[in-house]
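Chemist: Can you read through this structure? Questions will come right after.
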Amino acid sequence: MKIRKIALKLEIPKSTVHEIVHDTLVYGKVSARWVPKMLTEVHKLQSIEYSQRLLLRCQQDNGDEDTTHIGVGPSGDFRAKNNLIGNLITGDEIWNHLNTPDTKRDSMTWKHPSSPVTKKFKVQRSAAKVMATMFWDANGVILSDTLSQETTLATNLKRVTDEWDVTKDIVVLLSNVPDEVMSNAIVLNGWEELSCFGHSLNSVVSEALNTVAEWVRLHKKMNDASSYFYENIKASDALAAVQQQHNLPTKRLKQEKPNLWTSTFAMMKRMVEQYEAVNTVLCFLGKDTMCLCDDEVELIKDIIQILNPFQAAVEELCTENYTCVSKLIPIATLLQQVTAASISPDDAGTQAGLKSALISKMQQHFANLENNPLLATATLLDPRFKQHAFTDTEALEAAQERLLLDTQRVVKTSDSTDGKASATSTGSSASLWGMFDKKIVNAKALKTDVSEADNETRRFFKEVNILRTANPFQWWKLNEVQFPHLKVLATKFLCVPATAVNSHRLFFKEGIEFSSGRDMIRPTQLNNMLFLNQNLNL
């Protein structure tokens, strides 16, 4: 238990608790010893069991007189039929970085007092690495091999998809952040990659905020104040008392999470809501430098107003149970249009600088969204958006051409299947229906793949768009007979999620469930628990 929690539980100052623990009880804080692998009790019992089996086999081999030779090694040695040690093969693997800096002990040299001080640059281990695998027996090394990080990751991804039997159904892989190793691994498996829009949006706002000098100063001031109230029990208790005196809601200040601008947004809103009570407590405790003046509070309110559309976009993308990838182009377009429309000649330097930075970062991160084949096709197939979500005419025309070609392929595939079925039925009843069936076949021959695909796409785009709040999957279910070939494409492209946030949350839950206190849980049981937790409301 931490000293802060003990002080909070006993309602005494942290300094008193620290004095009791450190001086009276003579306890000191030390770090745990690092070990390569933390074995559970099950692992230890299995290791004992396997060792006992090998020992028993060795004892049996030593008492057996049969030593029939069954193999000769590369160096002239041989392995006996009943010689367990000679036939036992061991394997191991290790990650090797391409650049590993010398340790402090390795860089030590003998030096005379009059010699100059030795220096060296601070070097970190390279991110690029390879996996070295080696197998050996009692006679020496049998096999050694190396695999790059990309190859190893690609193999593991393929193994997981094969295990879940979803390899043939993969349309695209969503990645959290741009990573060269992950991109290369995806390419090795022949898949397509799509960057998570939620993380791209986070980068847009974070990078834009950091370009505004006045915001950087205000951000540090708010962050210091929030951290002070979080770490100081006396200050947090005084804040609660002042909030009750002023009939304000008793709420603690929000803490910022690193590299997550939505937590910064929440911190700003809570600080503006409680700034009078916060200033009162800070002045009382002699922390006047952390107080916000009225002009700073007004500036923070203006920044909140500018960022409100981005917060609304994050909530729509990350709080819904399932957000389709077809929403990305409309949301990106609207964010740019709303921000550009809010620019006014009356804007102060900070507000104008932030708006300009947001537009610049959006142009940088959202530049090729409409030219992305997956996003463009999904947007066209969404009955809520269709062509109306596009601002680039050339990108729209290219997307429509790709959709027409994809529809032609679906038509051709379905016609070949129908042709086989009709040929079977014609042969079975040629005596009665032969003339009629031949007439139908000749009529179908007049219809080409191009004409049928073009006709279906034209009819689809002439349909009136459904409401933005309507369910596109329900619409396709009701209209699959009218647009059978486009329905196949809609099933493929509209299944792609807009962000990887839900998957990230699922892995976060796995980390909570699979804690050090529950490390005896089996992988299959953990998978079942996570599956039920995620789908219990279905």
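Chemist: If I stretch the segment between T250 and L55 completely, what's the gain in nm (0.36 nm per residue apart, minus their alpha carbon distance), one decimal?
Modeler: 63.5 nm
Chemist: So if we plug the beta-carbon distance of T155 and C293 into 1/(1 + (r/R0)^6) with R0 = 60 Å, what FRET efficiency do we get, rounded to 0.05? Walk me through the numbers on the way to the answer.
Modeler: Working: r = 59 Å, r/R0 = 0.98.
Given R0 = 60 Å and the Cβ-Cβ separation, E is 0.55.
Chemist: Residue separation times 0.36 nm, minus the C-alpha to C-alpha distance between N189 and T391: what's the value?
Modeler: Additional length available on full extension: 69.3 nm.
Chemist: Arrange the peptides 379-392, 259-272 so that the one whose residues have, on average, the most other Cβ atoms within 10 Å appears first. Mind dumping the intermediate values first?
Modeler: Working: 379-392: 20.1, 259-272: 18.0.
Highest to lowest by the protection proxy: 379-392, 259-272.
Chemist: At what distance in nm do the modelled label points of N87 and D346 sit from each other, each positioned 7 Å from its Cα along Cα→Cβ?
Modeler: Modelled inter-label distance: 9.1 nm.
Chemist: Accessible area per residue of segment 257-397 at 1.4 Å probe, in Å²?
Modeler: On the way: 6420 Å² over 141 residues.
Value returned for segment 257-397: 46 Å² of accessible area per residue.
Chemist: For the pair S451 and K29, how long in nm is the line joining their label points, each one 7 Å along Cα→Cβ?
Modeler: Label at S451, label at K29, 8.0 nm between them.
Chemist: Contour minus end-to-end for T16 and A213, with contour as 0.36 nm per residue of separation and end-to-end as the Cα-Cα distance?
Modeler: Length gained, T16 through A213: 66.9 nm.
Chemist: Can you pull the one-decimal nm distance between simple spin-label points at W475 and D169, each 7 Å off the Cα toward Cβ?
Modeler: Calculated label separation equals 2.5 nm.
The values are calculated or read from the model by the stated rules, or taken from the named source; none is laboratory data. Just so we're clear, the structure is a prediction, and the values are computed from it rather than from any experiment. Because the Cβ atoms are built from the backbone with ideal geometry, glycine has one as well, and the counts that use them run over all protein chains shown. These area figures cover heavy atoms from the full protein model, side chains too; ligands, DNA and RNA do not enter into them. Shrake-Rupley method; radii C 1.70, N 1.55, O 1.52, S 1.80 Å.
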